[in-house]
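A.B. asks: Sending over a structure as structure tokens; questions will come in a sec.
The values are calculated or read from the model by the stated rules, or taken from the named source; none is laboratory data. Since we're looking at a predicted model, the values are computed, not measured. Heads up, the Cβs are rebuilt from the backbone with ideal geometry, glycines too, and the neighbour counts pull from every protein chain shown.
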Amino acid sequence: MKATRLSFGPIAILLVLSFIWGGNMAAIKIGTQGLAPIFMAGIRSLVASVCLFIWMAMRGIPTFPDRATVMHGVMVGILFGTEFGFIYLGLNYTLASRSYVLLYTHPFFVALGAHWFLRGDRLNTFKVGGLILAFGGVMSLFMEGLGRFSLETLPGDLMLLAAGCLWGATTVYIKRFLADRALAIQVLFFQLLFSAPLLFLLSLALEKRAIYDLSGAVLSSLIYQCIIVAFLSYLVWFELIQRHPVSLLAAFTFFTPVFGVFLSGALVLREAIPGNMILGLVLVSLGMVLVNRHPGTRKMP
């Protein structure tokens, strides 16, 4: 029987991951002072995949177990690389505050995909209510910066929305086709290794200059992105995907933009925490309580 809620251990791990990913936004901002964004994403995937290759070799874990698994791995890498291409290209056309909201439609796409394509991970009243409440909390963080609808930002908005959809599709695809046939570390290796060439090609096509200034701050941000985020935190995330319902896991990623605002604004930029920040955190927390509540027998049709 599939678990219908998460225990304290996975929840604590998810909160730590969300904190790390929230800090990644600040690291990216620092990194773009010296590196082109898409090129930086390619470097991150390449360095992290090399770290994983060395780690797997030391532990005797095969990198390419069989042809079918590798083909699914290629698809995961393409989805991941395309997602980040949309993210970094879309940021050129829309506001960062809008991008947070649009990218974190991800849990909705995961919940819908899991409902239709995964067994034992159906939508229910509590999940739907919790997702809506949590997303409302995320939107409350950026209400002052969202502004009115504008054709000028529409291309970027659509790209960020597509990135959220691709993130959700990647999570569901991994759960359906790779969770039972590959180790978490193998799945992560595929995602990073096969996304790197795609990101470098996108950078070559879309970015005029790859490197501007390799200062200490830029290099530190790159190390954080490569080792802490792409290597260690992603490995833990894939371990969770293999063990728990993805709709429950994805819902907790709503904490990432909350932490991102706190880390980027309060710590890095030394800005005061606004009231909507506190409201957003409360709404996200309440939403996650609903998502993690035992649904009984009530299911969505």
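A.B. asks: Just to be sure, is Ile223 over 19 Å from Thr171 (Cβ atoms) and among the aliphatic types (A, V, I, L, M)?
C.D. replies: Here the answer is yes, as Ile223 does meet what is asked.
A.B. asks: Going by what's in this entry, would Tyr173 be described as part of a helix (DSSP H, G or I), within 18 Å of the chain's Cα centre (by Cα), more than 21 Å from Val47 (Cα to Cα) and hydroxyl-bearing (Ser, Thr, Tyr)?
C.D. replies: Answer is yes for this residue.
A.B. asks: Check Thr153, Thr170 and return the single one that is farther than 17 Å from Gly280 by Cα, at pLDDT below 85 and of a type in the set (Val, Ile, Thr). Step through it out loud before you land on a result.
C.D. replies: Working: Thr170 fails: at pLDDT below 85.
Result: Thr153 is the single residue among Thr153, Thr170 that is farther than 17 Å from Gly280 by Cα, at pLDDT below 85 and of a type in the set (Val, Ile, Thr).
A.B. asks: Restricting to the stretch 37-88, what's the tally of residues that are buried (at least 19 other Cβ atoms within 10 Å of the Cβ) and of a type in the set (Phe, Trp, Tyr)?
C.D. replies: Residues flagged as buried (at least 19 other Cβ atoms within 10 Å of the Cβ) and of a type in the set (Phe, Trp, Tyr) within the stretch 37-88 amount to 5.
A.B. asks: Mind listing whichever residues of the stretch 221-248 are farther than 30 Å from Phe117 by Cα, in contact (Cβ under 8 Å) with a residue 24 or more places away in the chain and surrounded by fewer than 18 Cβ atoms within 10 Å (Cβ to Cβ)?
C.D. replies: Looking only at the stretch 221-248, we keep the residues that are farther than 30 Å from Phe117 by Cα, and these are 221-228.
Within this subset, residues satisfying the condition of being in contact (Cβ under 8 Å) with a residue 24 or more places away in the chain are 221-222, 224-228.
Those that are farther than 30 Å from Phe117 by Cα, in contact (Cβ under 8 Å) with a residue 24 or more places away in the chain and surrounded by fewer than 18 Cβ atoms within 10 Å (Cβ to Cβ): Ile227, Ile228.
A.B. asks: Name the one entry in Ser49, Ser140 that is modelled with pLDDT under 85, of a type outside the set (Phe, Trp, Tyr), under 29 Å from Tyr224 (Cβ atoms) and in a helix (DSSP H, G or I).
C.D. replies: Ser140
A.B. asks: Related question: Scanning for something of a type in the set (S, T, N, Q), part of a helix (DSSP H, G or I) and surrounded by fewer than 22 Cβ atoms within 10 Å (Cβ to Cβ), does the stretch 181-189 turn up at least one residue?
C.D. replies: Taking every residue of the stretch 181-189 in turn, none turns out to be of a type in the set (S, T, N, Q), part of a helix (DSSP H, G or I) and surrounded by fewer than 22 Cβ atoms within 10 Å (Cβ to Cβ).
A.B. asks: Here are the criteria: (1) farther than 25 Å from Met139 by Cα; (2) in contact with a helix residue (DSSP H, G or I) (Cβ under 7 Å, 6 or more places away or on another chain); (3) at pLDDT below 95; (4) in a helix (DSSP H, G or I). Tell me which single one Thr63 does not satisfy.
C.D. replies: Condition (4) is where Thr63 drops out.
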